[in-house]
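Below is one structure, written out as structure tokens; the observations come after it.
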Amino acid sequence: MIRFANPEYFYALYLIPAFILLFWYLLKRRRNLLGQFADKNLLKIISAEYSSTKNLVKFVLFIIAYALLITAAANPQVGTKMEEVKQTGIDVYIALDVSLSMTAEDIKPNRLEKAKYEISNLIKRLRGDRIGLLIFSGQAYIQFPLTTDYSAANLFLSAVDVNSVPQPGTAIGAAISLAINSFDYKTATQKVIVIITDGEDHEGDLTQPIKDANEKEIKIYTIGLGSPEGVPIPIHDSNGNVAGFKKDGSGSIVLTKLDEQTLMKIASEAGGKFFKGTNYEDELDKIYKDLSSLDKAEFGTKKVTDYEDRFYYFLIPAVFLLIVEFFITDKKSPFFKKINRRLGLE
């Protein structure tokens, strides 16, 4: 089985027709200029030692070397064997608050974008652990289930915004319950829920969801984003500029405050930890380091093909051709004189 590690480099091959057109243009322009300088008989005398065939050969060698270099950069790989690899790790569901208050800018650029940035960084660091994402506001929904396909996970994460859940509110209890019901209990993996929210105006009783998590030995970590003092919620226009701030029915500006006590209570009662979000630290990284101490369990196997690089098969001849091209002069040689005569170039 053959594949290319960097197939996008093949787009550079589209430059080859441009090189050919440029070579043809410069060759034609040279002939026109020489034709203006001297007549045909005088040109034969002046350029007696010039070989147009060798010039063409040099160009062909350059094109071949260029194509080989691009292929080498694409890094062809050969699959040597296929083997089954055991998948071990922990299961982590991240519950991300997407309510309007998460657009507050006391955390830069805003609370939601900071959270998405940290989740993306976490996904990049995962090695074998399964991660899932659910989003919540007034209701909770699965954005993507537990997976080890980290590229797809990042793709689904990038689509999340405050319009992803139409119902307003902060249903933390519903998010915890949805995560608990979405875990795969057929495997004995350690299970963790990470809640990222400002915790404000949470809806429903949290007692039962926390009790359910403890019964199933699920740890809950919480990350609180925002200011306890409160900040306004910006309203943006169609161009993304701040057009004002959210107001209540009486016309007063609404302030969104971080509810630390609720988030600390959830983490404490569910065997996890609470982290307060800042502009300068990655709280999810701290949680991941803490989770690294948990026992990893096997949750399946997958077939993996072991690939070996073969770029040097193309790199070596490309370098050789460039060296040959460098040492070829544009002066005639007996060999190319015969070729020129047969091609009618002399």
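The values are calculated or read from the model by the stated rules, or taken from the named source; none is laboratory data. Note that this is a predicted model, so its numbers are computed, not measured. For neighbour counting, all protein chains shown are included, and Cβ atoms are generated from backbone atoms with ideal geometry for every residue, glycine included.
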Over segment 103-138, the set of residues part of a loop (DSSP other than H, G, I, E, B) and within 26 Å of Gly240 (Cα to Cα) is Ala104, Glu105, Asp106, Ile107, Lys108, Pro109, Asn110, Ser137, Gly138
Can you say whether Gly173 is touching a residue at least 24 places away in the same chain (Cβ under 8 Å), part of a helix (DSSP H, G or I) and either out of contact with any Leu (no Cβ under 9 Å at 6 or more places or on another chain) or not acidic (Asp, Glu) (or both), as far as the supplied structure shows? yes
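Every residue, every condition in (1) in contact with a Pro (Cβ under 7 Å, 6 or more places away or on another chain); (2) assigned by TED's automatic domain parsing to the domain that holds Arg127; (3) modelled with pLDDT of 90 or more, yes or no:
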position	(1), (2), (3)
Ala267	no, yes, yes
Lys273	no, yes, yes
Val304	no, no, no
Leu322	no, no, yes
Phe326	no, no, no
Lys331	no, no, no
Suppose the filter is loosely packed, with under 13 Cβ neighbours inside 10 Å, assigned by TED's automatic domain parsing to the domain that holds Ala104 and out of contact with any Ser or Thr (no Cβ under 6 Å at 6 or more places or on another chain); does Ser238 pass it? yes
Under the condition of being touching a Gly at 6+ places or on another chain (Cβ under 6 Å) and over 24 Å from Ser268 (Cα atoms), which residue from segment 157-196 is surrounded by the most Cβ atoms within 10 Å (Cβ to Cβ)? Pro168
Test for Tyr25: is it at pLDDT 85 or above and closer than 14 Å to Ile70 by Cβ: no
Total residues in segment 114-141, condition surrounded by 15 or more Cβ atoms within 10 Å (Cβ to Cβ), under 23 Å from Ala171 (Cα atoms) and not hydroxyl-bearing (Ser, Thr, Tyr): 13
Can you name the condition, by its number, that Tyr93 falls short on among (1) surrounded by 16 or more Cβ atoms within 10 Å (Cβ to Cβ); (2) in contact with a helix residue (DSSP H, G or I) (Cβ under 7 Å, 6 or more places away or on another chain); (3) among the hydroxyl-bearing types (Ser, Thr, Tyr); (4) farther than 14 Å from Ile176 by Cα? (4)
Which pairs have Cβ atoms under 7 Å, sit 6 or more apart or on different chains, and link a residue in segment 113-130 that is within 16 Å of Ile196 (Cβ to Cβ) to one that is assigned to a helix (DSSP H, G or I) and among the aromatic types (Phe, Trp, Tyr)? Leu122/Tyr288; Ile123/Tyr150
For segment 202-218, state whether one or more residues are among the polar types (S, T, N, Q), modelled with pLDDT of 90 or more, within 27 Å of the chain's Cα centre (by Cα) and outside any loop (DSSP other than H, G, I, E, B). no
